[in-house]
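S.K.: Take a look at this one; I'll ask things after.
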Amino acid sequence: MARMNITLPAMGEGVIEATINKWLVSEGAEVREEDPIVEVATDKVDSEIPSPADGTIVTITVREGSVAKVGEVIAVIETEILNTPEDEKKVEKEVERVRETINEVKAENKEVESVSQEMKSRTPLGKFLSPLVRSIATREGISYTDLDKITGTGMDGRITKDDILNLTEERKKESEPAKKEKESEPAKKEKAAEPAAAPSAEGDKIVEMDRVRKLIAEHMVLSKKTSPHVTSFIDADVTRLVNWRNSVKDSYLESEGQKLTLTPIFIDATARALNDYPGINVSVDGDKIIYRKNINIGMATALSDGNLIVPVIKNANEKNLKGIARAVNDLAGRARSSKLKPDEISGGTFTLTNYGTYNNIAGTPIINQPQTAILGTGAIRKMPAVIETPEGDVIAIRQIMILALSYDHRVIDGALAGKFLNRMKEILENYNPDI
């Protein structure tokens, strides 16, 4: 028999470690190649790792709840005796895959050092900061200068969650004496009230937030603290768009094998409008504005467990409607079955949330940091509307929807937001698909 190491594979750009959530097999279990054997979680997404070969799980080296780094051995599998050259090549291929994974991580670290220091995910000295570390740093008011002083314990000196939490605890200890002295002064006793604990009554059901919901809650609070939110609205007469879609949806389903929903159309229109108004497709880094070259549109997707995930359509402006529809259906389907890869929910520059699916007519969505704007699309309703004709104004039944744009008022003013929304209205009311 031969033994083969099972390692934690690369989990996407910027991801160097993951938490072992749950082993789906135990030591001594027989597995087939590609059978899922373990669930892992990063600060972006949950994933399953398959078995690299047929065999028996001999040893599990990383236990549930522990953190493993990319390339680290998490289990050992025993395979059949190597009787043929094909078997030997299979093992050699697996060894080479592990080696490539480790080399990719090392190459990524070298690339990180050479990337512009203006990137929000890097300190002035070039230290890479994961989304989770940046989130904690923002929440705790930790500056880039403080982060550069940390000696990271992660791979190649990267700052880990534990590193920044330790810094937070040290700062709290250092500030405790000063805090007590300050609170002892009568004139300075007034301070902000702590949030009141929610009272519970007999019969109430109390459920602990799961990991994903906690991350969502933290992300939403961080966004409201970071960006001064403003929301602007505009309505659009999408009668012609609806009539066109109704006329082609059956033939599209027959030819493509999938539905043509409204979401791909909205994403197509959004990509065109962002191309016309690049000042919406930006991020903020301190007192600098980063104009994003790529138009990567995230689509908020509700999951069956009540949580939310935002898969990203990369370079949406370079795709036609058919390509966008294919990507939307694929990502949405795999999102609901927890099959998304980490890099498929990262890199977004703008987000669209279609709450009209639930018959909601309008909303004020929260910006998905570090983006600076998010578009909400409401339900399409038949409504009486005034139509201008050469013979005069008439009232007709039209298909009307409301578009809502929430934006970061630090860098986007009402005039720019209004122009963007008006462009969205023009595109949707005169929609010309490039299938």
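S.K.: Under a 1.4 Å probe, what is the accessible area of the range 16-81 per residue, stated in Å²?
M.R.: On the way: 2920 Å² over 66 residues.
That works out to 44 Å² per residue.
S.K.: Show Glu429, Glu202, Glu30 ordered by accessible area, largest first, where the area counts protein heavy atoms only and the probe is 1.4 Å.
M.R.: Glu202, Glu30, Glu429
S.K.: Compute the length gained on full extension between Lys149 and Glu254: take 0.36 nm times their separation in residues and subtract their Cα-Cα distance, giving the result in nm to one decimal. Show your work: numbers first, answer last.
M.R.: Values: separation 105, 0.36 × 105 = 37.80 nm, distance 6.00 nm.
That works out to 31.8 nm of additional length.
S.K.: A further question follows. Residue by residue through the range 418-433, what is 3J(HN,Hα) from phi via Karplus (6.51 cos²θ - 1.76 cosθ + 1.60, θ = phi - 60°)? Round to whole Hz and write x for glycine and proline.
M.R.: Result, rounded to whole Hz: x, 5, 4, 4, 5, 5, 4, 4, 4, 5, 5, 6, 10, 5, 10, x.
S.K.: For Ala379 and Asn430 in one chain, what is 0.36 nm times their gap in residues minus the Cα-Cα distance, to one decimal in nm? Display every interim value, and only then the final one.
M.R.: Values: separation 51, 0.36 × 51 = 18.36 nm, distance 1.84 nm.
That pair, Ala379 and Asn430, stretches by 16.5 nm at full extension.
S.K.: Is the shape of the range 211-340 rounded, prolate or oblate, going by the alpha carbon gyration tensor and its root eigenvalues a ≥ b ≥ c, with a/c under 1.5 for rounded and a/b larger than b/c for prolate? Present the calculation step by step, with values, prior to reporting the outcome.
M.R.: Details: a/c = 1.93, a/b = 1.35, b/c = 1.43.
Oblate, since a/c reaches 1.5 and b/c is not below a/b.
S.K.: With the convex hull built on the Cα atoms of the range 341-435, state its orientation-averaged projected area in nm².
M.R.: The orientation-averaged projected area of the Cα hull of the range 341-435 comes to 9.1 nm².
S.K.: Rank by packing, highest mean first: peptides 376-389, 313-326, 266-279, 248-261, with packing defined as the count of other Cβ atoms within 10 Å averaged across residues. Numbers along the way, then the final one.
M.R.: Working: 376-389: 15.0, 313-326: 18.5, 266-279: 21.5, 248-261: 13.1.
With the highest mean Cβ count within 10 Å placed first, the list reads 266-279, 313-326, 376-389, 248-261.
S.K.: Here's a follow-up. Hey, what do the phi angles of the range 138-149 turn into as Karplus ³J(HN,Hα) couplings, whole Hz, using 6.51/-1.76/1.60 and θ = phi - 60°, x for Gly and Pro?
M.R.: These are the phi-based 3J(HN,Hα) values: 5, 5, 8, x, 8, 7, 4, 4, 5, 5, 5, 7 Hz.
S.K.: Show me, for the range 47-63, the HN-Hα J-couplings you get by feeding each phi into the Karplus relation (A = 6.51, B = -1.76, C = 1.60, θ = phi - 60°), rounded to Hz, glycine and proline as x.
M.R.: Taking θ as phi minus 60°, the curve returns 9, 10, 10, x, 6, x, 6, 6, x, 10, 6, 8, 9, 10, 9, 10, 7 Hz for the range 47-63.
S.K.: Under the √(5λ) rule applied to the eigenvalues of the Cα gyration tensor, what semi-axes describe the equivalent ellipsoid of the range 29-68? Give them in Å, descending.
M.R.: Numbers: eigenvalues 84, 35, 7 Å².
Here the semi-axes work out to 20, 13, 6 Å.
S.K.: If you split all Cα-Cα distances of the range 239-294 into 10 Å bins from zero, what percentages do you get per bin, shortest first?
M.R.: 20, 34, 21, 17, 7, 0
S.K.: On a 20 Å Cα-Cα criterion, which of the cross-link pairs Lys149/Lys172; Lys322/Lys382; Lys69/Lys161; Lys293/Lys339; Lys69/Lys127 come out too long? Write down the numbers at each step before the final one.
M.R.: Details: Lys149/Lys172 17 Å; Lys322/Lys382 27 Å; Lys69/Lys161 13 Å; Lys293/Lys339 28 Å; Lys69/Lys127 18 Å.
Distance filter (> 20 Å) returns Lys322/Lys382; Lys293/Lys339.
S.K.: Using a probe of 1.4 angstrom, how much of the accessible area of the range 347-390 is carbon and sulfur, in percent?
M.R.: On the way: 1100 of 2020 Å².
Within the range 347-390, the accessible surface is 54 percent carbon and sulfur.
S.K.: Would you kindly find the accessible area of Val230, with a 1.4 Å probe and non-protein molecules such as ligands, DNA and RNA excluded, rounding to the nearest 10 Å²?
M.R.: Rounded to the nearest 10, the figure is 40 Å².
S.K.: Continuing with this model, one more query. Please give the contour-minus-distance gain from Ala2 to Thr231: 0.36 nm per residue of separation, less the Cα-Cα distance, rounded to one decimal in nm.
M.R.: On the way: separation 229, 0.36 × 229 = 82.44 nm, distance 6.19 nm.
Residue separation times 0.36 nm, minus the Cα-Cα distance, leaves 76.3 nm.
The values are calculated or read from the model by the stated rules, or taken from the named source; none is laboratory data. These numbers were taken from a predicted model, which means no experiment stands behind them. Glycine also receives a Cβ, built like all others from the backbone with ideal geometry; neighbour counts cover every protein chain displayed. To get the accessible areas, we keep the full protein, side chains included, count just its heavy atoms, and leave off ligands, DNA and RNA. Shrake-Rupley method; radii C 1.70, N 1.55, O 1.52, S 1.80 Å.
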